[in-house]
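The structure appears below as C-alpha cells.
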Amino acid sequence: MTALRDIAARLELDFRGDADREIDGLAPLDRAGPRHISFVAQKKFLDQLNTTEAGVVIIHPDWLDAWSGDAVLSDNPYLSFSRASWLFDNRPVPSGDIDPGATVSSSATLGRNVTIDAGSVIDADVQLGDDVWIGANCVVGPGVTLGAGTQLRPGVVLHHHVTIGECCLVQSNAVIGSDGFGFAPSPDGWQKILQLASVRIGDRVEIGACTAIDRGALHDTEIADGVIIDNQVHIAHGVRIGRNTAIAACVGIAGSTVIGENCTLAGQVGVGDHVELVDNVHIGGQGRVTRSVTEPGHYGSGTSLQPLKQWSRSALRLEQLDALAKRVAELEKLVPLQEPPCKKSKE
C-alpha cells in the first residue's frame, strides 16, 4: 500500500485531500473502490465521477469542480496514470541465474546479471548485454546480439544474426529474422530468393505477441528507436520503420516499404510494397495504402459500420458505378455545357 502523499511525490504532482489515504492498486472509474486510484483523461468522461467509488482520481486542475474527493492534479491525466502504473508493478522479476534446463553455447558471450530460463537455447556466438532476461523456451540463433536490459518473453524465436538494442521487450511467440517472402517465377515453379540480410532493431522498442518481422534479402529490415508494435503484426523483408512510430494489431507491411518517424498505423492497416510514408502520417483502422504518402496528416480508407441493409445497398451501388459513369458521359455528349451567367458587377 502507498499513501496519497507518496504517490503524488513520486509523480511530482500536487494533490488535494487526505495525505495519509492508503492506495493499493489502480482501476478504471467504473470498477474502482476506496483503495484504488483512477483517472479521467477527457472532459467527456466527467459524468463517471458521479458514480465512481475511487479513493483517488488523477484529474486536470480545471475539472476539479466535478470531483469533491481526493485527487492528484495533472495537466495530462492519462500520462500521469501510465506513470502511476509503475508504482504498482506486479510482474515477475528475473532471477539473475541461468536455469540448468537452458542450453548455452560455449561461444556465447554473456554480460552481468543475465537471466536465462528453462528450456531456452542460446546458440553460437550470441552476445547478451548486462541484465538481459531470456524467458522460458526461447530460441536465440547464431550470432544474435541483444543490448543491455532487453527482455524476451517465453517462446520468442530470434533467427541468425538479428540485432536488438537496449531496453527492448519482445512478447511471447514473436518471430524475428525469419525468411522474407521472396520468390522468382520460373518455368519449373517458384525459385526461392535467399534472404541474405537480417533484422536490426533499435533501443526501447516493444514488439507484441505473435508478431513476425522478416529478414531482408539484400539489406536489413530496420526498426528504429522507440517504435511500439502490437500483437500479430507482419513486417516484411527490407522494411524500414522510423523512430517512435506506433503500429496497432494485425497490421501488414509489405516488402521494402519505408515508414517515417512518429507515424501511427491503426488496426488492420495494410501497406503495399515499395511505398514510403513521410514523418507524422496517421492511418485509420483498416486503411489500405497502395501509394506513397508525401504529406503528413491523418488518412483513412476503411469502410465505416452500417446497418446490414444499408451496407448491402451501398455495396450494390458501388458495383454499378462504372455503368453509371458511362451513362453520365453519354448524357454529357447530348447536353452541351452552358457557360455560367455573367455576374452582375457590384455597384
message: Once you place label points 7 Å from the Cα toward the Cβ at Leu218 and Asp75, how far apart are they in nm?
response: 5.0
task: Report, for region 103-299, the % of DSSP beta bridges that are antiparallel, rounded to 5.
output: 5
- prompt: Which translational diffusion coefficient, to the nearest whole µm²/s, is obtained for region 2-88 from the Stokes-Einstein equation, given a Kirkwood hydrodynamic radius over C-alpha pairs, 10 °C and 1.306 mPa s?
  reply: 129
message: Per DSSP helix of 4 or more residues, -39500 (n - 2.57); summed, then divided by the residues of the chain. What does that give at 222 nm, rounded to the nearest 500?
response: -3500 deg cm²/dmol
message: Test of understanding: what is the full-extension gain from Asn262 to Asn50, defined as 0.36 nm times their sequence separation minus their Cα-Cα distance?
response: 72.6 nm
Residue order, fewest to most beta carbons within 10 Å, for His160, His36: His160, His36
message: Rounded, prolate or oblate for region 103-299? Axes are the square roots of the Cα gyration tensor eigenvalues, ordered a ≥ b ≥ c, and the cut-off for rounded is a/c under 1.5.
response: oblate
message: If a paramagnetic tag sat 7 Å from the Cα of Phe183 along the Cα-Cβ line, which residues of region 229-249 would have the backbone N under 18 Å from that point?
response: 236-237
Hits among aspartates and glutamates - C-alpha to C-alpha of Lys43 under 15 Å, sequence gap 8 or more where chains match: Asp62, Asp65, Asp75
statement: Inter-part gap, Cα centre of region 150-195 to Cα centre of region 236-279, in whole angstrom, is 17
query: Could you give the length gained on full extension between Leu194 and His160, defined as 0.36 nm per residue of separation minus the Cα-Cα distance, in nm?
result: 10.9 nm
query: Of the beta bridges DSSP finds with both residues in the chain, what % are antiparallel, to the nearest 5?
result: 10
message: Can you give me the convex hull volume of the Cα atoms of region 6-150, divided per residue and expressed in Å³?
response: 146
- prompt: Using just the C-alpha positions of the chain as equal point scatterers, what log10 of I(q)/I(0) does the Debye formula give at each q in 0.09, 0.11, 0.15 1/Å?
  reply: -0.72, -0.94, -1.22
task: Would you calculate the separation in nanometres between label points at Arg112 and Asp99, each defined as 7 Å from the Cα along the Cα-to-beta-carbon direction?
output: 2.6
- request: Go ahead and set up a Gaussian network model of the chain, Cα springs under 10 Å, then flag whichever of Gly297, Gly17, Gly155 fluctuates most.
  value: Gly17
- line: Neighbour-count ranking for Val40, Val275 (other C-beta within 10 angstrom, fewest to most) reads Val275, Val40
Cα centroid separation, region 290-321 to region 41-65 (Å): 37
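FYI, it's all coordinate maths here, none of it is from the lab. What you see is a predicted model, and the numbers here were worked out from it, not measured in a lab. Note that each Cβ is placed from the backbone with ideal geometry, even for glycine, and that neighbours are counted across all protein chains shown.
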